[in-house]
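*Asks:* Take a look at this one; I'll ask things after.
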Amino acid sequence: MLGAIAGDIIGSVYERQNVKTTDFELFAPGSTFTDDTVLTVAVAECILKSKNFATTIKTYGRRYPHAGYGLAFREWLASDSLLPYNSFGNGAAMRVSPVGFAYNTLEKVLAEAKNSAKVTHNHPEGIKGAQVTAAAVFLARKGTGKEEIKQYLTQQFGYNLEQTLDEIRPQYSFDASCQGSVPQAVRAFLESTDYEDAVRKAISLGGDSDTIACITGGIAQAYYRKIPPFIIKKAKKLLAPELWEIVEQFNRTVGIAL
């Protein structure tokens, strides 16, 4: 899941100041982790310690209240309710990568992706976005080729993954829905040559840059099995120690070598 976290950190400064190129400073002075990272770690802890998704996600959100959550999620955090709010936002997809790394059957990955999403994002598109992302991570981790991944996601979920990045980029703008950002994030992975290139391509689309790079980064880590050491080092430096501790524990538990 560190690939997702690093993508979030790298994309954090470009969410509001989009770049439409892959030629940008990878770590800018304002680079930081956001809600994408906080909730990804929350999902990882749920898996590691068999915790409830809703209560753990709410606990993490309240522990890091200024991480950049969307309005509906902030209202959910402030309430006493654990009921979902029918969101189809990409928050369901940005936090799900640990699910794709943790389980050894696609059926289990899809079930747990749904479970992790529906505590807040119980709209069908919210659940779909989480399942697509987790399935892509799982298939990539298992050595499935890019064309096979594309075909599975298209056939199983109906996403259009044919439009190229060069076709998407000129008209693409901020879209925080699953259906408006997950296909684009997957396409960035499909056109990439390595982890760094995947993140750069994701951010070059513009829009919700940190979340798109987070989704792409998780898939890219699973597929390429290598994150450049300087990116790992910088991500560790920028993460809160308690978040990094869960990352390390998760990697040891599921057998991810960095």
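*Asks:* Being over 9 Å from the mean Cα position of the chain (by Cα) and assigned to a loop (DSSP other than H, G, I, E, B) is the filter; apply it to the range 85-99 and report the residue that is farthest from residue 185 (Cα to Cα).
*Replies:* Step by step, filter the range 85-99, then rank; the result is 85.
*Asks:* Next question. Being of a type in the set (Asp, Glu), under 23 Å from residue 230 (Cβ atoms) and without any contact (Cβ under 8 Å) to a residue 24 or more places away in the chain: is that true of residue 25 here?
*Replies:* Considered against the rule, which asks whether it is of a type in the set (Asp, Glu), under 23 Å from residue 230 (Cβ atoms) and without any contact (Cβ under 8 Å) to a residue 24 or more places away in the chain, residue 25 comes out as yes.
*Asks:* Could you tell me which residue of the range 60-73 is surrounded by the fewest Cβ atoms within 10 Å (Cβ to Cβ), considering only residues that are over 18 Å from the mean Cα position of the chain (by Cα) and part of a helix (DSSP H, G or I)?
*Replies:* By that ranking, first place goes to 71.
*Asks:* I'd like the full set of residues that are out of contact with any Gly (no Cβ under 7 Å at 6 or more places or on another chain) and part of a helix (DSSP H, G or I), limited to the range 101-111.
*Replies:* 101, 102, 106, 107, 108, 110, 111 - these are the residues of the range 101-111 that are out of contact with any Gly (no Cβ under 7 Å at 6 or more places or on another chain) and part of a helix (DSSP H, G or I).
*Asks:* Now for a separate question. So in the range 1-31, with the set limited to residues that are closer than 16 Å to residue 237 by Cα and among the hydroxyl-bearing types (Ser, Thr, Tyr), which one is surrounded by the fewest Cβ atoms within 10 Å (Cβ to Cβ)?
*Replies:* Per the criteria, the residue is 31.
*Asks:* Would you point out the residue of the range 1-32, among those that are among the hydroxyl-bearing types (Ser, Thr, Tyr) and over 21 Å from residue 172 (Cα atoms), that is nearest to the chain's Cα centre (by Cα)?
*Replies:* Ranking the candidates gives 32 first.
*Asks:* While we're looking at this one, here's another question. Looking only at the range 175-205, filter to residues that are part of a loop (DSSP other than H, G, I, E, B) and surrounded by 24 or more Cβ atoms within 10 Å (Cβ to Cβ); which one of those is farthest from the chain's Cα centre (by Cα)?
*Replies:* Ranking the qualifying residues of the range 175-205, first place goes to 205.
*Asks:* Moving on to the next point. Which pairs have Cβ atoms under 7 Å, sit 6 or more apart or on different chains, and link a residue in the range 232-245 that is over 19 Å from residue 256 (Cα atoms) to one that is outside any helix (DSSP H, G or I)?
*Replies:* Filtered contacts from the range 232-245: 238/31; 238/32; 238/33.
*Asks:* Could I ask something else about it? So residue 142 clears everything in (1) more than 24 Å from residue 243 (Cβ to Cβ); (2) touching a residue at least 24 places away in the same chain (Cβ under 8 Å) except one condition, right? Which one?
*Replies:* Residue 142 satisfies every listed condition except (2).
*Asks:* Now for a separate question. Return the residue satisfying two criteria in turn: it lies in the range 155-174 and is in a loop (DSSP other than H, G, I, E, B) and among the hydrophobic types (A, V, I, L, M, F, W, C), and of such residues it is surrounded by the fewest Cβ atoms within 10 Å (Cβ to Cβ).
*Replies:* Among those that are in a loop (DSSP other than H, G, I, E, B) and among the hydrophobic types (A, V, I, L, M, F, W, C), it is 174.
*Asks:* Also: Yes or no: residue 57 at pLDDT 95 or above, buried (at least 24 other Cβ atoms within 10 Å of the Cβ), assigned to a helix (DSSP H, G or I) and among the β-branched types (Val, Ile, Thr)?
*Replies:* Spelling it out, residue 57 is indeed at pLDDT 95 or above, buried (at least 24 other Cβ atoms within 10 Å of the Cβ), assigned to a helix (DSSP H, G or I) and among the β-branched types (Val, Ile, Thr).
*Asks:* Then there is this: Can you tell me which residues in the range 153-174 are of a type in the set (Gly, Ala, Ser) and without any contact (Cβ under 8 Å) to a residue 24 or more places away in the chain?
*Replies:* Listed by number, the list holds a single entry, 158.
*Asks:* Which ones in the range 113-134 are part of a helix (DSSP H, G or I) and crowded, with 24+ Cβ neighbours inside 10 Å?
*Replies:* 113, 116, 117, 126, 128, 129, 130, 131, 132, 133, 134, listed by residue number.
*Asks:* Exactly one condition in (1) out of contact with any helix residue (DSSP H, G or I) (no Cβ under 9 Å at 6 or more places or on another chain); (2) small (Gly, Ala, Ser); (3) closer than 15 Å to residue 11 by Cβ is false for residue 202; which is it?
*Replies:* Here residue 202 meets the rest and fails (1).
*Asks:* Tally time: how many residues in the range 120-155 are aliphatic (A, V, I, L, M), touching a Ser or Thr at 6+ places or on another chain (Cβ under 9 Å) and over 23 Å from residue 254 (Cα atoms)?
*Replies:* Going through the range 120-155 one residue at a time, the tally reaches 0.
The values are calculated or read from the model by the stated rules, or taken from the named source; none is laboratory data. A quick note: this is a predicted structure, and the numbers were derived from the prediction, not measured. Because the Cβ atoms are built from the backbone with ideal geometry, glycine has one as well, and the counts that use them run over all protein chains shown.
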